[in-house]
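The values are calculated or read from the model by the stated rules, or taken from the named source; none is laboratory data. Since the model is a prediction, treat every value here as computed from it, not as a measurement. No Cβ is skipped: glycine too gets one built from the backbone with ideal geometry, and neighbour counts run over all protein chains shown. Just so you know, the surface numbers come from the protein's heavy atoms only, side chains and all, with ligands and any DNA or RNA stripped out. Shrake-Rupley method; radii C 1.70, N 1.55, O 1.52, S 1.80 Å.
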Amino acid sequence: HVVSFPHDSLITFLCAITLVEYPSLIPSATFAILSYLMLATLMFRRGHPSPWHRPRSFRDMLLALVQGKQFPPSHAVAEKENEAQIRAHVTYWAKRVNTLKRKADI
C-alpha cells in the first residue's frame, strides 16, 4: 500500500505563509513559483508511458546548456511499445476528465 505525501501542498502553504510575513519577497517568489510550476509540468509530462510523449529530462537540457554536451541519443521505439500502459494511461485520464466535468456541471 503506497501512501503519498502532499509535498506540493506543503510547499504552497509554506510559501504563502512566508509571503504574508515578508511581502518584500514577492518578486523573487514569483520567479521561484514559475520555475517550480515548469518543473512540475515537466515531471508530469515525463510520466507518460509513451516514448513519443516524453520530453527530454531536465538533466539532459541542463547539461546541454551548461556544458555544451549533446543530447544523448534517443532509443529506438519498438512497434507497439508499452501499448497496454499507454491505453491504461489514456483511459484513466479520460475517465478523470469526464468525472471532473460532471462534477463541475452539478
task: Step through the residues of region 21-36 one at a time and calculate ³J(HN,Hα) from phi using the Karplus curve (6.51 cos²θ - 1.76 cosθ + 1.60, θ = phi - 60°), rounding each to whole Hz and writing x for Gly and Pro.
output: 6, 10, x, 5, 8, 4, x, 6, 5, 4, 5, 5, 5, 4, 5, 5
- prompt: Where in region 41-60 is the amide nitrogen less than 13 Å from a point lying 7 Å along the Cα-to-Cβ axis of Q85?
  reply: 46-54
message: Using 0.36 nm times the number of residues separating V3 and V66, minus their current alpha carbon distance, what extension gain do you get?
response: 19.0 nm
message: Can you tally the net charge around R56? Count Lys and Arg as +1, Asp and Glu as -1, for every other residue whose Cβ sits under 15 Å from the Cβ of R56.
response: +4
task: Only helical DSSP H runs with n ≥ 4 go in: add -39500 (n - 2.57) per run for the chain, normalise by residue count and round the 222 nm mean residue ellipticity to 500 deg cm²/dmol.
output: -21500 deg cm²/dmol
- prompt: Once phi is turned into θ = phi - 60°, what whole-Hz ³J(HN,Hα) does the Karplus curve with 6.51, -1.76 and 1.60 give for every residue of region 40-54, x standing for Gly and Pro?
  reply: 5, 5, 4, 5, 5, 5, 6, x, 5, x, 7, x, 7, 9, 8
task: Throw me the Rg/Rh for region 1-88, computed over C-alpha atoms with Kirkwood Rh, two decimals.
output: 1.11
Share of carbon and sulfur in the accessible heavy-atom surface of the chain [1.4 Å probe, %]: 66
message: With an 8 Å Cα cut-off and a minimum separation of 6 or more residues, compute the relative contact order for the chain in percent.
response: 17
message: Need one value: the accessible area of T41 in square angstrom, 1.4 angstrom probe, rounded to the nearest 10.
response: 80
task: Mind grabbing the accessible area of L10 for me, 1.4 Å probe, Å², rounded to tens?
output: 80
